Amino acid sequence: MEEHNEDQKSKKAQFEEEHKEDEEVYTVSAEERVQKVSDLLKVMARAAEYAKNSRSWLQLVAIIRYAWNVFAFDLTNPLELTQVDGWHYILLIAECSLCLVEHL
């Protein structure tokens, strides 16, 4: 049993040694993170406008949920999006969601 535990510890140490640089590679600055979220919201806002104009209500629901999940996953608050154009895209998605409520 002790051999098994030591083997696991050595594998864990080897794994950590091999992947310790991964943390440095995947760190993203706050400004870059906000810009990437804003770029994603731009695409989602265009898709929401298209879904609204084509009256694809189920697609619009999926887009709104996806945009909400982006906020929940990334923990972005709307004030961060005022630094870039992200707030504008949020307003477009909100307008489309109001059109959806109006339709329902």
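All of the numbers you see were taken from the coordinates with simple rules; none came from a lab. Nothing here was measured: the structure is a model prediction, and the numbers come from that model. All Cβ positions, glycine included, derive from the backbone under ideal geometry; neighbour counts span all protein chains shown.
Condition first: small (G, A, S) and crowded, with 18+ Cβ neighbours inside 10 Å. Can you find one or more residues in the stretch 21-35 that meet it?
No, the stretch 21-35 contains no residue that is small (G, A, S) and crowded, with 18+ Cβ neighbours inside 10 Å.
If I go through the stretch 60-104 residue by residue, how many of them are of a type in the set (A, V, I, L, M, F, W, C), over 12 Å from the mean Cα position of the chain (by Cα) and more than 18 Å from R46 (Cβ to Cβ)?
Selection size over the stretch 60-104: 3.
With the requirement that a residue be outside any helix (DSSP H, G or I) and of a type in the set (V, I, T), what does the stretch 43-76 give you? Spell out the reasoning first.
Quick first cut of the stretch 43-76, residues outside any helix (DSSP H, G or I) only: 54-56, 75-76.
The answer is T76, and nothing else.
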